[in-house]
Amino acid sequence: MKVGIVCPYDWTSPGGVKAHVHDQALALQRLGHQVSVLAPIDDDDYPLEPFVVDGGKPVSVPYNGSVAKVNFGPVSAARVRRWIKEGDFDVLHVHEPASPTLSVLACWAARGPIVATWHSSQTRSRALTAAYYLVQTAMEKISARIAVSEAARQTLVKHLGGDAVLIPNGVTCADFEDAVPLNGYPRSEPTLFFIGRIDEPRKGLQVLLEAMPMILAAFPGTQLLVAGPGDQKEAVEHAPAAVRDSVRFLGLVSDADKVRAFASADLYIAPNTGGESFGIVLLEAMAAGTPVVASDLEAFARVLEDGRAGAMFRSEDAADLASTVIGLLGDAPARRALTESGLARARQFDWGVVAREIEQVYESVTASGERVENDMRGQFVGRLARPRDEA
Amino acid sequence: MDVVWVLLIVAVIAVIVLYLSQTAARLDRLHHRIDTSRSALQGQFTDRANEVLALASSGRLDPATTVLLADAADSALDQARAKGADFPPPRCAAESSLTRALEVSMVADLVAEIAAQPDGEATLASLAAAVQKAAWSRRFHNDAVRSCLAVRRQRLVRLFRLAGSAPLPHTVELDDEVPSALRSR
């Protein structure tokens with residue numbers, strides 16, 4: 001099948017949706033499909049994968065509570081139309097179709113089998129429920145809606161009505177197997193690992209730091225490896241000296257070093273206090289064979305099967321976190337059991353499995369044999385935006 | 001003064017005409033989407049029944065399960081042949097019965113037993129895919145119907161009969177839950 005995928009956010013900076021699109025494209029190629037990805041390209045020096053098509057230089061705009069690098073406007077619309085025309089796709093797959101990006105432009109400019117994936121669970125309702133005539137037209141063309149998490153599905157159902165099928169985020173298990181620990185690891189004393197923005201309160205580093213004195217009292221010499229961007233000095237300024245000495249900051253790590261860091265740790269800790277709709281990083285830790293200790297957020301409980309695939313503690317409760325960690329550090333068989341059940345759980349989310357489900361959605365919407373074509377019927381503004389070479 | 005009024009009225013009429021033509025095109029697109037999703041629905045549910053029939057006649061099952069599944073699949077196919085792309089209540093009932101038959105027969109033990117047979121995994125995978133695709137195609141179809149109904153309920157659309165003679169579409173309601181033992185196969 002010829003699949004055209006639209007990535008709404010800049011391809012050259014890291015991000016959850018971008019990573020999803022990247023892995024999805026590779027997984028579909030492994031299943032024998034021909035894939036073309038249209039994405040904004042900010043950094044011209046970025047080595048583009050052969051399947052990526054330049055969707056233009058993005059601009060930074062405030063969107064959904066942060067700053068997104070996206071592109072829109074007539075020039076982008078013309079680019080999308082050209083890509084659709086030249087791609088001659090069997091199916092068009094857009095991500096975050098309700099965002100002000102190439103994705104909504106693609107829905108708008110195309111007709112035929114269109115599949116859309118919703119990722120976000122916190123899009124503000126006003127933006128979505130506002131009766132944008134054009135956006136509505138674009139949304140109505142989508143033949144199959146996918147949500148990556150229950151939270152994303154509920155957001156979608158609440159704002160747009162109708163329903164969506166649930167196909168979770170994937171993890172490429174093979175990338176996490178047989179990882180080599182960082183130099184100097186494993187240590188003789190326990191190592192804990194945290195990854196995430198260190199100055200974003202919802203990532204919960206402070207909860208973990210609050211638990212550290214208790215953990216250090218039970219297991220002196222425990223080290224906390226912290227990966228992620230943010231002000232390191234500020235992060236530990238309220239922590240006691242002993243805790244400060246036990247923390248090693250890695251800064252922003254590459255994907256390869258992230259895998260090695262997982263392999264270096266005895267436990268991966270996810271003390272997030274909210275704002276998580278899925279928890280892909282939990283699956284990555286499990287795929288690497290590292291036992292997971294996570295707060296009992298709804299999204300995490302789902303991934304961890306209510307504690308069967310990883311240990312859980314009461315969110316924002318440092319004492320409960322400490323006792324969970326101490327219990328596991330002193331119990332090697334329990335850790336091994338969590339490694340086993342975690343690996344089994346991660347394999348259920350392997351991109352090979354997830355991509356086959358996506359393939360089944362493609363098959364359901366392409367049954368009529370229609371292909372993706374340009375379409376501007378009944379779209380006055382769209383006709384005006386038609387590129388000259390097509391007029 | 002009169003000229004201003006005339007211009008104003010012309011402008012208002014122009015806006016209304018533009019809106020009506022856009023909405024007519026939009027409805028046309030929605031009706032087309034429903035046609036497509038309905039034919040997909042028809043195809044996927046027929047595939048599902050055929051898969052079940054193939055499993056039932058493969059000799060992998062005990063006679064009781066064979067008869068149960070073959071009978072349910074056969075009634076579903078009978079309804080499909082009679083009704084074409086339509087899903088009237090008797091057809092929905094037949095499909096729901098097939099779902100029920102799968103639910104009670106495809107228990108974990110049996111699924112494990114089939115998986116252990118030669119080519120068993122492949123048989124299960126293709127059955128699971130057919131069952132899943134049928135369920136999904138119904139959701140996609142109902143989504144299309146709901147989008148269309150939302151537009152057709154608008155006052156202007158009814159007043160100007162923008163939908164023409166197209167009959168009101170309706171959602172297809174039946175039980176197509178994937179048996180838990182077949183999930184993630």
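Could we say that B:Thr36 is within 30 Å of B:Ser147 (Cβ to Cβ), within 14 Å of another protein chain (Cβ to nearest Cβ) and either surrounded by fewer than 17 Cβ atoms within 10 Å (Cβ to Cβ) or modelled with pLDDT under 90 (or both) here?
No.
Just to check your reading of the model, which residue among A:Val372, A:Val361, A:Val354 is touching a strand residue (DSSP E or B) at 6+ places or on another chain (Cβ under 8 Å), buried (at least 20 other Cβ atoms within 10 Å of the Cβ), within 11 Å of chain B (Cβ to nearest Cβ) and modelled with pLDDT of 90 or more?
Numbers: A:Val372 fails: within 11 Å of chain B (Cβ to nearest Cβ); A:Val354 fails: touching a strand residue (DSSP E or B) at 6+ places or on another chain (Cβ under 8 Å).
A:Val361 is the lone residue from the list that is touching a strand residue (DSSP E or B) at 6+ places or on another chain (Cβ under 8 Å), buried (at least 20 other Cβ atoms within 10 Å of the Cβ), within 11 Å of chain B (Cβ to nearest Cβ) and modelled with pLDDT of 90 or more.
Can you tell me which residue is nearest to the chain's Cα centre (by Cα) among those in the range A:137-153 that are more than 18 Å from A:Leu282 (Cβ to Cβ) and not hydrophobic (A, V, I, L, M, F, W, C)?
Step one: list which residues in the range A:137-153 are more than 18 Å from A:Leu282 (Cβ to Cβ), which gives A:137-147, A:153.
From what's left, not hydrophobic (A, V, I, L, M, F, W, C): A:137, A:140-141, A:143, A:145, A:153.
Values: A:Thr137: 27, A:Glu140: 25, A:Lys141: 25, A:Ser143: 23, A:Arg145: 17, A:Arg153: 15 Å.
Looking at residues that are more than 18 Å from A:Leu282 (Cβ to Cβ) and not hydrophobic (A, V, I, L, M, F, W, C), I get A:Arg153.
Could you list, in sequence order, the residues of the range A:314-341 that are of a type in the set (D, E, K, R), under 14 Å from A:Glu210 (Cβ atoms) and not in a helix (DSSP H, G or I)?
A:Arg314, A:Glu316, A:Asp317 - these are the residues of the range A:314-341 that are of a type in the set (D, E, K, R), under 14 Å from A:Glu210 (Cβ atoms) and not in a helix (DSSP H, G or I).
Residues that are acidic (Asp, Glu), assigned by TED's automatic domain parsing to the domain that holds A:Pro181 and farther than 18 Å from A:Gly204 by Cβ: does the range A:269-292 have at least one?
Within the range A:269-292, none of the residues are acidic (Asp, Glu), assigned by TED's automatic domain parsing to the domain that holds A:Pro181 and farther than 18 Å from A:Gly204 by Cβ.
Residue under question is B:Val111, and the condition is that it be away from chain A (no Cβ under 14 Å), exposed (fewer than 15 other Cβ atoms within 10 Å of the Cβ) and touching a residue at least 60 places away in the same chain (Cβ under 8 Å); does it hold?
So B:Val111 fails the test.
State which residue pairs qualify: first residue within 13 Å of chain A (Cβ to nearest Cβ) and in a helix (DSSP H, G or I) and inside the range B:146-161, second residue surrounded by fewer than 12 Cβ atoms within 10 Å (Cβ to Cβ) and of a type outside the set (S, T, N, Q) in any location, beta carbons under 7 Å apart, and separation of 6 or more residues or different chains.
B:Arg146/A:Gly161; B:Arg152/B:Leu168
Has the range A:154-175 got at least one residue that is more than 24 Å from the chain's Cα centre (by Cα), at pLDDT below 90, surrounded by fewer than 20 Cβ atoms within 10 Å (Cβ to Cβ) and among the polar types (S, T, N, Q)?
No, the range A:154-175 contains no residue that is more than 24 Å from the chain's Cα centre (by Cα), at pLDDT below 90, surrounded by fewer than 20 Cβ atoms within 10 Å (Cβ to Cβ) and among the polar types (S, T, N, Q).
Condition check: of a type outside the set (Lys, Arg), touching a strand residue (DSSP E or B) at 6+ places or on another chain (Cβ under 9 Å) and crowded, with 20+ Cβ neighbours inside 10 Å. Does A:Glu49 satisfy that?
Values: of a type outside the set (Lys, Arg): yes; touching a strand residue (DSSP E or B) at 6+ places or on another chain (Cβ under 9 Å): yes; crowded, with 20+ Cβ neighbours inside 10 Å: no.
It is false that A:Glu49 is of a type outside the set (Lys, Arg), touching a strand residue (DSSP E or B) at 6+ places or on another chain (Cβ under 9 Å) and crowded, with 20+ Cβ neighbours inside 10 Å.
Here are some residues: A:Gly251, A:Gly279. Which one is touching a strand residue (DSSP E or B) at 6+ places or on another chain (Cβ under 8 Å) and surrounded by fewer than 23 Cβ atoms within 10 Å (Cβ to Cβ)?
The match here is A:Gly251.
Can you find, within the range A:242-277, the residue that is nearest to A:Gly184 (Cα to Cα) among those that are among the polar types (S, T, N, Q) and over 17 Å from the mean Cα position of the chain (by Cα)? Let's see the steps before the verdict.
First pass over the range A:242-277, keeping only residues among the polar types (S, T, N, Q): A:246, A:254, A:264, A:272-273, A:277.
Add one more test, that the residue is over 17 Å from the mean Cα position of the chain (by Cα), and what stays is A:246, A:264, A:273.
Details: A:Ser246: 15, A:Ser264: 9, A:Thr273: 32 Å.
Among those that are among the polar types (S, T, N, Q) and over 17 Å from the mean Cα position of the chain (by Cα), it is A:Ser264.
Which one of these does A:Asp306 not meet: (1) crowded, with 17+ Cβ neighbours inside 10 Å; (2) modelled with pLDDT under 95; (3) assigned by TED's automatic domain parsing to the domain that holds A:Ala211?
(1)
Collect the residues in the range A:254-276 that are under 26 Å from A:Ala152 (Cα atoms), of a type outside the set (A, V, I, L, M) and crowded, with 20+ Cβ neighbours inside 10 Å, keeping them in residue-number order.
Across the range A:254-276, the qualifying residues are A:Tyr268, A:Pro271, A:Asn272, A:Glu276.
Here is a yes/no grid of residues against (1) within 21 Å of B:Ala129 (Cα to Cα); (2) in a helix (DSSP H, G or I); (3) in contact (Cβ under 8 Å) with a residue 60 or more places away in the chain:
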position: B:Asp28; (1), (2), (3): no, yes, no
position: B:Ile34; (1), (2), (3): no, yes, yes
position: B:Ser58; (1), (2), (3): yes, no, yes
position: B:Ala64; (1), (2), (3): no, yes, no
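Based on what the data block shows, is A:Asp199 surrounded by 13 or more Cβ atoms within 10 Å (Cβ to Cβ), acidic (Asp, Glu) and within 14 Å of another protein chain (Cβ to nearest Cβ)? Full working, then the answer.
Working: surrounded by 13 or more Cβ atoms within 10 Å (Cβ to Cβ): yes; acidic (Asp, Glu): yes; within 14 Å of another protein chain (Cβ to nearest Cβ): no.
Against the criterion (surrounded by 13 or more Cβ atoms within 10 Å (Cβ to Cβ), acidic (Asp, Glu) and within 14 Å of another protein chain (Cβ to nearest Cβ)), A:Asp199 does not qualify.
Report yes if some residue within the range B:82-101 is free of Cβ contacts under 8 Å to residues at least 12 places away in the same chain, at negative phi, assigned to a helix (DSSP H, G or I) and within 14 Å of another protein chain (Cβ to nearest Cβ); otherwise report no.
Looking through the range B:82-101, none of the residues is free of Cβ contacts under 8 Å to residues at least 12 places away in the same chain, at negative phi, assigned to a helix (DSSP H, G or I) and within 14 Å of another protein chain (Cβ to nearest Cβ).
Here are some conditions: (1) loosely packed, with under 13 Cβ neighbours inside 10 Å; (2) within 22 Å of the chain's Cα centre (by Cα). A:Gly32 meets all but one. Which one does it not meet?
With respect to (1) loosely packed, with under 13 Cβ neighbours inside 10 Å; (2) within 22 Å of the chain's Cα centre (by Cα), A:Gly32 is out only on (2).
Looking only at the range B:39-70, filter to residues that are within 14 Å of chain A (Cβ to nearest Cβ) and either touching a helix residue (DSSP H, G or I) at 6+ places or on another chain (Cβ under 6 Å) or over 27 Å from B:Ala128 (Cβ atoms) (or both); which one of those is surrounded by the fewest Cβ atoms within 10 Å (Cβ to Cβ)?
Among residues in the range B:39-70 that are within 14 Å of chain A (Cβ to nearest Cβ) and either touching a helix residue (DSSP H, G or I) at 6+ places or on another chain (Cβ under 6 Å) or over 27 Å from B:Ala128 (Cβ atoms) (or both), the one surrounded by the fewest Cβ atoms within 10 Å (Cβ to Cβ) is B:Thr46.
Whether any residue in the range A:338-353 is in the same structural domain as A:Met212 (by TED's automatic domain parsing), small (Gly, Ala, Ser) and over 20 Å from the mean Cα position of the chain (by Cα) is what I want to check.
Taking every residue of the range A:338-353 in turn, at least one turns out to be in the same structural domain as A:Met212 (by TED's automatic domain parsing), small (Gly, Ala, Ser) and over 20 Å from the mean Cα position of the chain (by Cα).
The values are calculated or read from the model by the stated rules, or taken from the named source; none is laboratory data. What you are looking at is a predicted structure, and each value in this text was computed from that prediction instead of being measured. Every residue, glycine as well, gets a Cβ built from its backbone with ideal geometry; the counts of neighbours run over all protein chains shown.
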